[in-house]
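Each remark here refers to the structure printed beneath this line.
The values are calculated or read from the model by the stated rules, or taken from the named source; none is laboratory data. Because the structure is predicted, anything quoted here is derived from the model rather than measured. Here the Cβ positions follow ideal geometry from the backbone for every residue, glycine too, while neighbour counts run over all protein chains shown. We work out accessible area using only protein heavy atoms, side chains counted, and drop any ligands, DNA or RNA first. Shrake-Rupley method; radii C 1.70, N 1.55, O 1.52, S 1.80 Å.
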Amino acid sequence: MSGTADRGFTSNPMFERWLAQRLAGDAGGETVRDLQIDGVERPAAGQSNDTVLFTATWRTVGGLSRRELVVRLQPSGRQIFLAADVVREGRVLHGLQPGGRVPVPHVLGWETDVRVLGRPFFVMDRIAGRVPLARPSIHAVGWLPELTSAERATMWDSAMEAMVNVHRTDWRATHAFLLDGVDPAGLLALHVDRLVEWYRWTTAGRGYPVTDAGIEALIAGCAAVSSAEPVLVWGDARVGNMIFGVDHRVAAVIDWEVATIGSPAI
């Protein structure tokens with residue numbers, strides 16, 4: 001971390017007040033006293049975001065409370081996504097909570113005032129479980145190759161079920177803000193345009209024959225794709241963006257930086 005967050009994450013009165021207010025609101029207005037933040041660490045997984053894990057403890061009239069939490073900050077410096085917006089991601093997660101069909105962490109709140117932690121951020125519950133790491137390959141190293149065939153089948157079936165439920169979300173009730181005023185009929189073309197812009201940004205003028213040809217094929221073929229009823233699209237669908245419980249089923253779907261509304265084929 002850098003800036004204000006790095007200098008005083010565990011002794012930052014503004015963040016402590018912010019968090020105390022959100023914890024109180026989450027508990028129906030119960031007074032939060034003597035809030036302490038400790039156990040600050042970074043997760044092993046995650047390349048596209050600036051994520052910090054921590055533990056909050058506080059007192060209420062009912063006694064001592066403890067909660068494992070995650071703060072996700074707006075990326076700074078090296079970043080993967082061209083137009084990252086951490087508050088937008090927090091809103092996507094928050095919108096998925098009421099229905100409960102897609103397992104996601106509970107979001108306590110988000111903040112755009114950079115005086116609190118130096119950057120916009122949101123805070124959510126920490127979900128216990130395991131994440132398949134991307135590097136080295138999850139198929140060769142780590143806990144995934146150690147599973148039985150039946151356990152792997154459970155894992156993949158659960159992952160597919162979660163993605164199907166993303167597409168079944170009533171996005172008009174919860175995620176219409178992702179349209180940004182765009183006519184749904186033009187969403188696929190807009191998605192391809194944004195993907196091309198992102199690709200050109202990452203390549204910075206360098207040539208990559210295989211992916212350059214792939215981009216050209218996408219542009220040429222976009223108009224021929226049949227229209228489909230728009231759905232909520234996760235945008236980064238892979239098991240490396242899922243947390244799995246001890247039962248090998250999806251405990252949480254995470255990393256929603258490029259969520260959008262569009263064709264399920266995206």
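Structure above, values below:
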| quantity | calculated |
| --- | --- |
| Positive minus negative residues near residue 18 (Lys, Arg vs Asp, Glu; Cβ under 9 Å) | -1 |
| Accessible surface, per residue, of the chain when the full set of protein chains is kept, probe 1.4 Å, Å² | 52 |
| Cα-based shape type of the chain, given that a ≥ b ≥ c are square roots of the gyration tensor eigenvalues and the cut on a/c is 1.5 | prolate |
| Label-point gap, in nm, between residue 229 and residue 203 - each point 7 angstrom along Cα→Cβ | 3.7 |
| The range 189-236-the range 101-176 distance, computed between alpha-carbon centres (Å) | 24 |
| Packing-based ranking, highest mean first, of 27-36, 200-209, 165-174, 119-128 given that Cβ atoms within 10 Å are counted | 119-128, 165-174, 27-36, 200-209 |
| Solvent-accessible ranking of 198, 18, largest area first, probe 1.4 Å | 198, 18 |
| Contour minus Cα-Cα distance for residue 168 and residue 114 (0.36 nm per residue) | 15.9 nm |
| Accessible surface of the range 137-195 [probe 1.4 Å, protein heavy atoms]: carbon and sulfur percent | 57 |
| Cβ charges +1 (Lys, Arg) and -1 (Asp, Glu), total dipole of the chain, debye | 480 |
| Cα lying deepest toward the dipole's positive end in the range 106-147, options 134, 108, 120, charges on Cβ | 134 |
